[in-house]
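The values are calculated or read from the model by the stated rules, or taken from the named source; none is laboratory data. Everything numeric in this text was worked out from a predicted model, so none of it was measured. Glycine gets a Cβ as well: all are built from the backbone with ideal geometry, and neighbour counts include every protein chain shown.
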Amino acid sequence: MGIGYIEMFKGLGPHIAVELDGIDLVEPDVVYDGEAEIDLGGRLVRLTAQGPAHTVGDQTVLIDDRVLFTGDMAETRMFPIAPHFPPHDADVDITGWIAVMDRLITLDPAVVVPGHGEVTDVSLLRDIRDYLRFVQAQANNHMTPGRTSPQPPRPSRPRPGSVGTLGRTRNGSTSRCGSATDDPVLVTSRSAAEYRAMFDLSPDDLAGVTLDCCAGGASFAAETPDVVAVDPAYAMGIDELGRLVRAGLHDGDRMILDHRDRFEWSWYGSVERRRAMRMAAAEAFLADLRERPGRYVAAALPALPLASKSVDLALCSHLLFTWANRLDEKWHRQAIEELVRVARQEVRIFPLVLQGTAEPVGFLDRLRSTLPPSQLREVPYRFQRGARHMLVVDATGRAAWTSRR
């Protein structure tokens, strides 16, 4: 590999080839597999093989659990470089790179020394991870059979009369959260406070990386560190999405007022307080989307462009079970299996009743019998009548569960 790289760089130009003439490669005195530790007079240095990511041989150096040297997996003042110069430099792995960034973020180093650029902190690792996720998701969106150029996908148009009473919109404020249906639903803007109540979230629950799927116009990612938001609506341009989000506020208010008796108000306190929370959440979401687009991935269940075990906690609100009259049991099983695949700890789903009618989902118990261990847990959030529980699925034993299937 070393000789191959020298020959590759010589091909970049005669002035470079001259500089590389006569280079002798030096074999290492010590080799290690996976991880090695070196004591430098009281300072502990941990070497860790991380590739394939930027390259197959990526390595990090961590000193006293405080100072992290990343090599070229992290650089400032430039985009992450995904080299592809076959045959010698063609082993970049974006999914692996994202997973490495997740692991390094959990180390929470005080100082990050990148391969190029200024010394910085762990925020650089988050920025690189978010950027790679964004680019990967956009590339996947454009990999449509027969498409010859990366034209942006066009948002689907709702079919007249295709939504239930509580799902019909007046201003076209729709998106498809589930790829298995063309039925439109509101692009809603829930706040982080609502998420904490819907999913009974504690600070410990949010200590790692959290997935919000299907996030719509929620401000959960904007208000909470280390959240990845997923929704197919993010494939739209920001101006179009902003129009739909603001239209969703109007349409949601109209639906609530038309069917106020179907809701409980003990958590919000009043219609006005709910409206104020949603308006603030919508503006926070749109501002964050402009500032940090890498946190928002255009994708849909049951196939997510995320690495296995790449998040700690996966949340899904108002999609699974909410639309069980349009998304069948097989689709639900595939979607939950996908959430379990990407989560290291848990999957939490809320609510567990049908939209509009609040009727129980007939296949819920049968579906649970095919999943990893799960439980129904009451949550403090109150709004839709009958929606008081979330489904919590244990994702820690996925390998054993998969082998039994």
Could you check how many residues of segment 83-131 are part of a helix (DSSP H, G or I) and touching a residue at least 60 places away in the same chain (Cβ under 8 Å)?
12
When you scan segment 1-23, how many residues do you find that are under 25 Å from Thr60 (Cα atoms) and either modelled with pLDDT of 80 or more or in contact with a Gly (Cβ under 8 Å, 6 or more places away or on another chain) (or both)?
2
Can you name the residue in segment 373-387 that is over 26 Å from the mean Cα position of the chain (by Cα) and surrounded by 18 or more Cβ atoms within 10 Å (Cβ to Cβ) and is also nearest to Ala193 (Cα to Cα) among such residues?
Phe383
Criterion first (surrounded by 22 or more Cβ atoms within 10 Å (Cβ to Cβ), assigned by TED's automatic domain parsing to the domain that holds Leu320 and at pLDDT below 90) does Thr210 satisfy it?
no
Segment 213-231: number of residues that are surrounded by fewer than 23 Cβ atoms within 10 Å (Cβ to Cβ) and in a loop (DSSP other than H, G, I, E, B)
3
Which of the residues spanning segment 1-23 are touching a residue at least 40 places away in the same chain (Cβ under 8 Å) and surrounded by 13 or more Cβ atoms within 10 Å (Cβ to Cβ)?
Tyr5, Met8
Pick from Glu35, Glu27: which is of a type in the set (Asp, Glu) and over 29 Å from the mean Cα position of the chain (by Cα)?
Glu27
Quick check on this structure: which one of Ile6, Ile23, Ile38 is assigned by TED's automatic domain parsing to the domain that holds Leu68 and β-branched (Val, Ile, Thr)?
Ile38
Does Thr370 satisfy the condition of being surrounded by fewer than 20 Cβ atoms within 10 Å (Cβ to Cβ) and either in contact with a helix residue (DSSP H, G or I) (Cβ under 7 Å, 6 or more places away or on another chain) or closer than 22 Å to Val228 by Cα (or both)?
yes
Can you tell me which residue in segment 73-113 is nearest to the chain's Cα centre (by Cα), limited to those that are of a type in the set (Gly, Ala, Ser) and at pLDDT 80 or above?
Ala99
Can you pull out the residues in segment 313-355 that are part of a loop (DSSP other than H, G, I, E, B) and surrounded by fewer than 19 Cβ atoms within 10 Å (Cβ to Cβ)?
Asn325, Asp328
When only residues in segment 76-124 that are under 20 Å from Val61 (Cβ atoms), in contact with a helix residue (DSSP H, G or I) (Cβ under 8 Å, 6 or more places away or on another chain) and among the hydrophobic types (A, V, I, L, M, F, W, C) count, which is surrounded by the most Cβ atoms within 10 Å (Cβ to Cβ)?
Met101
Checking Ser266, Ser310 in turn, the sole residue that is surrounded by fewer than 15 Cβ atoms within 10 Å (Cβ to Cβ), hydroxyl-bearing (Ser, Thr, Tyr) and either modelled with pLDDT of 90 or more or under 13 Å from the mean Cα position of the chain (by Cα) (or both) turns out to be Ser266
Within segment 286-304, which residues are surrounded by 17 or more Cβ atoms within 10 Å (Cβ to Cβ) and either of a type in the set (Gly, Ala, Ser) or not assigned by TED's automatic domain parsing to the domain that holds Pro232 (or both)?
Gly294, Ala298, Ala299, Ala300
